[in-house]
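Data block below; observations after.
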Amino acid sequence: MAITASMVKELRELTGAGMMDCKKALTETNGDMDAAVEVLKKSGAAKAEKKAARIAAEGIAKVAIDGNTAVVVEVNSETDFVAKNAIFQEFVQAVADKALTVDTEKAGDGEDVVSILDMKADLDDKILKIGEKISIRRFEKVTADVVASYIHGGGRIGVLVAGNGASDDAVKEALTNIAMQIAAMNPQYISRDEISADELAKMKEITIDSALNDPFSLPKPVLSKLIEKAVAGVWSAEDVAIYEEKKSNMNFLPNFLSKEAKAQLAEIACADKEEISGNKIFSGLVEGRISKQMKEICLLDQVYVKAEDGKQTVAAYLKSVNPALKIAKFVRFEVGEGMEKKNEDFAAEVAKQMNV
């Protein structure tokens, strides 16, 4: 049977497959349209398997909301170009809508998210139409008195915020603002109360070690004692001479000392860790640095990005909206975070294809 252009066009409209794939399927089935559709479906599954080993670290995040429940999903593609494709974007929204209905709060890397959502056939179909690997990576749901969402950068970042205690329009607007805050400032916790004693101890240990390895950032009394030890037989004669010449202005001393001298000073500091850690001035420095970190990683401690005075914290902002409002949970998905990304070398790729 002769395969006409109109038959190819009809099959393309039915399946979204490429023209040559449609023509091949029709030829194989002697023009039987239904059989050709099945051939293309099977071909799509095979292509999906072949693409499984390829890296898909681009993509978008989307959200779906139903009353006081919301979900955010991340679906990956191989290229940013496909991430902007209308078919891909519609598919990601379908994934979000489906995730909203399943009896699972979240699923992610290392789990069979596709099976949980029962979307393998849909996924294979989109791989066939789009022509590159697509991965449904993860989703997470929140439920509370009120939920809000924010999508940034065309889907590069997706955020959900759940709040309890109040649910009027002002609260919904406030939570949307907080979702924007989370997208921009990437907090790790809602408040300090979420940080365990072990995490705090680890944070303190890292802060102490970091300070000791940067001796010139230490309080002057501590630094002076370290330099006394360095001058008394550790530093070279040249570095001792530099110190004697520049010690009247310690701020500039690091610019003139050798790398070896600065490394030796750090070694002395680390060796005296126990003694220095017991110093009240040093302890104050450590606590100050930890407090600064808290203001970066804890949402309620962060400066509210829209604060008119540049000082108001998120906690103070929420209290001004409604004292009863409490943040119950937030979720922030940034596309591709923690994933290996393909290092494109177009010249090498072209050369490979041309057998150069």
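The values are calculated or read from the model by the stated rules, or taken from the named source; none is laboratory data. The model shown is predicted, which means the values in this text are computed figures rather than measured ones. Every residue, glycine as well, gets a Cβ built from its backbone with ideal geometry; the counts of neighbours run over all protein chains shown.
What to note about this one:
- Residue in the range 200-215 that is crowded, with 16+ Cβ neighbours inside 10 Å, in the same structural domain as ILE290 (by TED's automatic domain parsing), over 30 Å from CYS298 (Cβ atoms) and of a type outside the set (Asp, Glu) present: no
- Of VAL102, VAL159, all but one fail to be closer than 22 Å to ASP66 by Cα, β-branched (Val, Ile, Thr), in contact with an Asp or Glu (Cβ under 9 Å, 6 or more places away or on another chain) and not in a helix (DSSP H, G or I); the exception is VAL102.
- Looking across the range 322-356, just one residue is modelled with pLDDT under 50, among the hydrophobic types (A, V, I, L, M, F, W, C) and closer than 26 Å to VAL75 by Cα, and that is PHE346.
- Residue within the range 141-155 that is part of a helix (DSSP H, G or I), in contact (Cβ under 8 Å) with a residue 12 or more places away in the chain and of a type in the set (Val, Ile, Thr) present: no
- Among the conditions (1) hydrophobic (A, V, I, L, M, F, W, C); (2) over 27 Å from ASN164 (Cα atoms); (3) part of a helix (DSSP H, G or I), MET339 misses just one, which is (3).
- Subset tally (residues that are in a helix (DSSP H, G or I), surrounded by fewer than 12 Cβ atoms within 10 Å (Cβ to Cβ) and not acidic (Asp, Glu)) for the range 272-290: 3
- Residue among ALA144, ALA184, ALA174, ALA166 that is of a type in the set (A, V, I, L, M, F, W, C), under 20 Å from VAL314 (Cα atoms) and either in contact with a Cys (Cβ under 7 Å, 6 or more places away or on another chain) or surrounded by fewer than 16 Cβ atoms within 10 Å (Cβ to Cβ) (or both): ALA184
- Condition check for LEU128: among the aliphatic types (A, V, I, L, M), outside the structural domain of LEU11 (by TED's automatic domain parsing), modelled with pLDDT under 95 and touching a Leu at 6+ places or on another chain (Cβ under 8 Å): yes
- Pairs are defined by a Cβ separation below 8 Å, a sequence spacing of at least 6 or placement on different chains, a first member in the range 233-253 that is in the same structural domain as PRO215 (by TED's automatic domain parsing) and touching a residue at least 40 places away in the same chain (Cβ under 8 Å), and a second member that is surrounded by fewer than 10 Cβ atoms within 10 Å (Cβ to Cβ) and not aromatic (Phe, Trp, Tyr); no pair meets this definition.
- Filtering the range 253-263 to residues that are under 19 Å from LYS220 (Cβ atoms) and not in a loop (DSSP other than H, G, I, E, B) leaves LEU253, PRO254, ASN255, ALA261, LYS262.
- Out of ALA271, ALA316, ALA266, one residue alone is under 28 Å from the mean Cα position of the chain (by Cα) and not aromatic (Phe, Trp, Tyr). It is ALA316.
- Qualifying residue in the range 142-154 (condition: closer than 27 Å to ILE327 by Cβ and modelled with pLDDT under 95): yes
- Single condition MET180 does not satisfy, out of (1) at pLDDT below 95; (2) more than 17 Å from ASN68 (Cβ to Cβ): (1)
- Single residue of the range 19-57 satisfying the filter (at pLDDT 70 or above and part of a loop (DSSP other than H, G, I, E, B)) that is nearest to the chain's Cα centre (by Cα): ALA57
- Qualifying positions in the range 162-183 - of a type in the set (D, E, K, R) and in a loop (DSSP other than H, G, I, E, B): ASP168
- If the condition is being farther than 22 Å from GLU334 by Cα and among the polar types (S, T, N, Q), then the range 164-186 contributes ASN164, SER167.
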